[in-house]
Amino acid sequence: MTRKQFTILGGGILIACALLIPTMPADDIADRAHKIHFSSIVVDTHDDTPQRMFFEHFDLAHRDSEGNIDIPRMRDGGLNAIFFSIWTPVNITGPAATKRAMDLISVVRDQVQKHPQDLALCTTAAEVRAAHDQGKIALLMGIEGGHMINNDLAVLRQFAKLGARYMTLTHTADLDWAGSSGDDAKHIGLSPFGKTVVLEMNKLGMMVDISHVSDKTFYDALAASKAPMIASHSSCRAICDAPRNMTDDMIKALAAKGGVIQINYHVGFLSQAYRDASAKSAEQKARIAAVDKAAGENEAASIREGEKVTHQMMSEGKLPEVDWQAIVDHIDHAVKLVGADHVGLGSDFDGAVMPRGMEDCSKLPKLTEALLRRGYSEDDIRKILGGNTLRVMEAVERVSHELQASPK
Ligand SMILES: [Zn+2]
């Protein structure tokens, strides 16, 4: 073979490869991923959009250029069921916290009334499946922080009656009855009243959510609960050492009792490099403090503008960029630890700083494609996308029926 022949042949092969690569296996996987994603029930267990509805009268039907969630983008991203977080900052306490929670529940319910063609308020797994069959997005609610019950089981029962189907035991501060990961005293667990709260939630059919709690509270709640629990928006501490994330031992213990860790997309929980740089950045602290001051009581503005500051500092090279694939790394870590039956999605959309490439819920199909490319089976992907969360809901409902049938 002459040098010229070799070149022609080589060139031909190169052209053939260039023509083949984009159209062969890669597109096949993309097509399969699209089919799997849009035929699954995709459930997200934690979204803070109610702050936008409450403070800014945000209408979910409006496709917004800001924020992470609205109906058009949920349709684009194949997001079929969403737990809206009923969250009140921990500096609001007592009856004022309960009142704010009621106001937030009210604005979520208003959205369902306003958009009955698109939305259905759901409280059971069966209702979520029925909404999906009708082409509607299932709206669910979770109470984020036990301070909102104001030490009163009657308030908890009221929240359940209004449709809340989980409660995160604490937010960022210790309560009289439960320790938080956000406070210094990490040894504080559940008090006897805290255990009563957990049992009452079991009876009411509310999932016990251990995101935000101290490690001791996690183990105490796990021992007390008669039903599987969730970590509605937590990631893996083995990858990113944040007290809000779960250790491998905690993930194993949660899974052993049938529970699910729903991975949080917040950059500060995904990436150790970002976390370390952020802890040292006086500029970020100052800029976010200024944003918070300008936002005043408007939590939605504070979250959104804070995210902009962080993204801007990333693009200026002052903080490390975090790529959306980090979400898949956390999913993969948890799956390798406990199997695909115990992992789900809990984005923290509209409540955190999203990684590059996961700017809003329309980007969710990328997760399915990434999992497929990493060799996940179709069944396992469907479970992670939402099947596992629905299974926990069903288990919690069963325990609730049993406890109500034979109260002790
Ligand atoms: Zn949270």
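With r as the distance between the Cβ atoms of ARG63 and ASP379 and R0 = 35 Å, compute the FRET efficiency 1/(1 + (r/R0)^6) and round to 0.05. Result of the calculation: an efficiency of 0.60.
Using only helices, what value at 222 nm comes out for the chain when you add -39,500 (n - 2.57) per DSSP H run of length 4 or more and divide by the total residues, to the nearest 500 deg cm²/dmol? Working shown, then result.
Working: 18 runs with 208 residues, N = 408.
The helix-only estimate for the chain comes to -15500 deg cm²/dmol at 222 nm.
Computing FRET efficiency as 1/(1 + (r/R0)^6) for ASP176 and ASP292, where r is the C-beta to C-beta distance and R0 is 25 Å, gives about 0.35. Cross-linked pairs LYS161/LYS285; LYS136/LYS366; LYS99/LYS216; LYS99/LYS195; LYS226/LYS293: Cα-Cα separations exceed 32 Å for LYS161/LYS285; LYS226/LYS293. Spatial offset of segment 318-355 relative to segment 191-262 amounts to 18 Å, using the alpha carbon center of each. With Cα atoms defining each centre, segment 80-104 and segment 365-408 are spaced 25 Å apart in the structure.
What number in nm² do you get for segment 216-341 if you take the convex hull of its Cα atoms and divide its surface by four?
Details: hull surface 35.3 nm².
With the hull built on Cα positions only, its mean projection is 8.8 nm².
Nearest 0.05, what FRET efficiency do ARG356 and LYS99 give at R0 = 35 Å with Cβ-Cβ as r? Write down the numbers at each step before the final one.
Details: r = 38 Å, r/R0 = 1.10.
After rounding, the FRET efficiency stands at 0.35.
Extents of the chain, largest first, come to 88, 51, 44 Å (Cα atoms, principal axes, whole angstrom).
Compute the relative contact order of the chain as a whole-number percentage, counting only Cα pairs closer than 8 Å that sit 6 or more residues apart in sequence. Relative contact order for the chain comes out at 19 percent. With all protein chains kept in place, the per residue accessible area of segment 300-408 amounts to 39 square angstrom at a probe of 1.4 angstrom. Excluding GLU397 itself, what net charge comes from residues whose Cβ is under 15 Å from its Cβ, given Lys and Arg +1 and Asp and Glu -1? Counting the neighbours of GLU397, the net charge comes to +3.
Sites count as exposed loop sites when they are GluC sites (Glu not before Pro), lie in a DSSP loop, and have at most 10 other Cβ atoms within 10 angstrom; the longest stretch of the chain without one is 1-296. Here the simple spin-label model places points 7 Å from the Cα toward Cβ, and for GLN113 and HIS34 these points are separated by 4.0 nm.
The values are calculated or read from the model by the stated rules, or taken from the named source; none is laboratory data. If you're wondering where the values come from, they're calculated on a predicted model, not measured in any experiment. So basically every Cβ, Gly included, is an ideal-geometry build from the backbone, and we count neighbours across all protein chains shown. Ligands, DNA and RNA are excluded from the accessible area calculation, which covers all protein heavy atoms including side chains. Shrake-Rupley method; radii C 1.70, N 1.55, O 1.52, S 1.80 Å.
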